[in-house]
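Below is one structure, written out as structure tokens; the observations come after it.
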Amino acid sequence: MRFYLLLVLALLVMGAAHAQSFYTGTIQSGGLTREYRVYIPAAYNANKAVPLLFNLHGYGSNNLEQDFYGNFKPIADTANFLIVMPNGTYDQQNKRYWNNFLVSSSVDDVTFISNLLDTMISKYNIDTNRVYSTGMSNGGFMSYALACGLSNRIAAIASVTGTMVTPNLNNCTPGRAVPVMQIHGTADNTVPYNGLPVSAFVPIETLVDTWVNKNGCNPTPILTAVPNNSTTDGCTAERFLYENGIEGSTVEFYKITGGGHTWPGAAINVGVTNQDFSASFVIWRFLNKYKLNQFTTAAGEPAQKAAIWNVFPNPAFDQITLTSPDAAASLRQVQVYNALGVLQYQWTGMNDQILPIDVQAWPAGVYRLQLVQSNGARQTSTFVCVR
């Protein structure tokens, strides 16, 4: 009887390990403690690399509200990707925000997202060629900031009711073509469709045209009317598809005539909300097509490839040595995380072809290395410490 009881308990534990779940955590970034929330679908298996989607909240909102409002969980359950929902910091009005307006602040949210991505890679098996960002309003602004400032890590982005401020758009120089989706209502009174000069909000059609040009897409779009499945939602939608960009990049724009500052297809109406299509569904359909390693740099040269770095010996007792047979290889940063995802060691500098690391005081266990080369290419490796 005891054996069968233990067997049942073991099966329950195994089942729980594969159930979808949420995890919350914090990391240190820029001298601040930053919060995040992760959704892990039941299909996730640590033996297989999966995509990752950043889902960013709007101004004055938070990751819990964004999780409900811009809901990707049913899609993640089927498509098997992780959803990461960080929190912005508080502004002077005590409202959470992302620092990409015309606000005088030292908060570096682009670096925070990069640091958070490093944390996710250390904890989960992430396909680093399939990392994406989307967001509502200020979260859409932030997704554009990532397209500009983190194009070496974010494959594609989508914005719902967001835009950019003029100085940020003028200074945006991504290292490659970045596929972009924009969803916006013409009756948006928060981030107006025709822009907001006092806050330097870029008009939506200007924003779309600029990214069409950046990506080298055909400036004449394919226009498709979205079927008016909901005749009582007070608005209609059209899809503009700009194709044939650099390395297959595209820009998609959903124009919602009469739509407000809302997320199409949301379960709750907080204004004129289009119910003819699901923003979450079309966003994932768009993002899912792209991989980071399919693109080239702005100069038209092949994307930077990671040299092969070897870890020796493995297992290790007192020291590991990172070596590369590539004469052009040069390391810029090394981070080592333990099995719990805690940063064990970090080195920043410039080193060619060989780097020793003292591990004799480290506890026994499995460690994951994150290597960043001088050309921005990245590599993930693991090694074992024995005692």
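Points to keep in mind about this one:
- If the condition is being assigned to a strand (DSSP E or B), modelled with pLDDT under 95 and farther than 25 Å from residue 97 by Cα, then the stretch 1-58 contributes only 21.
- Looking across the stretch 126-175, the residues that are outside any helix (DSSP H, G or I) and β-branched (Val, Ile, Thr) come down to 126, 128, 131, 134, 154, 157, 160, 161, 163, 165, 173.
- So residue 144, is it under 17 Å from residue 102 (Cβ atoms) and buried (at least 17 other Cβ atoms within 10 Å of the Cβ): yes
- Within the stretch 208-226, the set of residues being part of a helix (DSSP H, G or I) and out of contact with any Phe, Trp or Tyr (no Cβ under 8 Å at 6 or more places or on another chain) comprises 209, 210, 211, 213, 214.
- Subset tally (residues that are touching a Gly at 6+ places or on another chain (Cβ under 8 Å), crowded, with 18+ Cβ neighbours inside 10 Å and closer than 18 Å to residue 100 by Cα) for the stretch 183-215: 4
- Among the residues of the stretch 67-76, the one identified as in a helix (DSSP H, G or I) and in contact with a helix residue (DSSP H, G or I) (Cβ under 7 Å, 6 or more places away or on another chain) is 75.
- Extreme residue, farthest from residue 119 (Cα to Cα), among residues of the stretch 77-97 that are under 18 Å from the mean Cα position of the chain (by Cα) and part of a strand (DSSP E or B): 97
- Output for the stretch 72-89, where each listed residue is touching a residue at least 60 places away in the same chain (Cβ under 8 Å) and at positive phi: none
- Between 117, 146, the distinction of being among the aliphatic types (A, V, I, L, M) and within 18 Å of residue 172 (Cα to Cα) belongs to 146 only.
- With respect to the stated conditions, residue 124 is modelled with pLDDT of 95 or more, surrounded by fewer than 19 Cβ atoms within 10 Å (Cβ to Cβ) and either in contact with a Lys or Arg (Cβ under 7 Å, 6 or more places away or on another chain) or aromatic (Phe, Trp, Tyr) (or both).
- Looking across the stretch 227-278, the residues that are β-branched (Val, Ile, Thr) and assigned to a loop (DSSP other than H, G, I, E, B) come down to 231, 232, 250, 262, 268, 270, 272, 273.
- Condition met for residue 307 (of a type outside the set (Ser, Thr, Tyr), under 27 Å from residue 354 (Cβ atoms), at pLDDT below 95 and crowded, with 21+ Cβ neighbours inside 10 Å): no
- Qualifying residue in the stretch 113-120 (condition: assigned to a helix (DSSP H, G or I), more than 11 Å from the chain's Cα centre (by Cα) and surrounded by fewer than 20 Cβ atoms within 10 Å (Cβ to Cβ)): yes
- Complete set of residues in the stretch 352-374 that are surrounded by 17 or more Cβ atoms within 10 Å (Cβ to Cβ) and modelled with pLDDT under 90: 355, 367, 368, 369, 370, 371, 372, 373
- If you filter the stretch 250-272 down to residues that are of a type outside the set (A, V, I, L, M, F, W, C) and touching a Phe, Trp or Tyr at 6+ places or on another chain (Cβ under 7 Å), you find that the one that is nearest to residue 187 (Cα to Cα) is 255.
- The condition of being of a type in the set (S, T, N, Q), without any contact (Cβ under 8 Å) to a residue 12 or more places away in the chain and loosely packed, with under 15 Cβ neighbours inside 10 Å holds for only one of 173, 257, 231, that being 231.
- Filtering 103, 107 for residues that are over 26 Å from residue 342 (Cβ atoms), in a loop (DSSP other than H, G, I, E, B) and β-branched (Val, Ile, Thr) leaves a single hit, 103.
- Residue count, the stretch 156-206 (criterion: within 30 Å of residue 127 (Cβ to Cβ) and of a type in the set (D, E, K, R)): 1
- First in the stretch 90-115 and assigned by TED's automatic domain parsing to the domain that holds residue 64 and touching a residue at least 60 places away in the same chain (Cβ under 8 Å), second anywhere and in a loop (DSSP other than H, G, I, E, B) and surrounded by 14 or more Cβ atoms within 10 Å (Cβ to Cβ), Cβ under 8 Å, 6 or more apart: 100/164; 102/200; 107/99; 108/99
The values are calculated or read from the model by the stated rules, or taken from the named source; none is laboratory data. Computed from a prediction, not measured in an experiment: that's the story for all the values here. Every residue, glycine among them, receives a Cβ derived from its backbone with ideal geometry; neighbour counts consider all protein chains shown.
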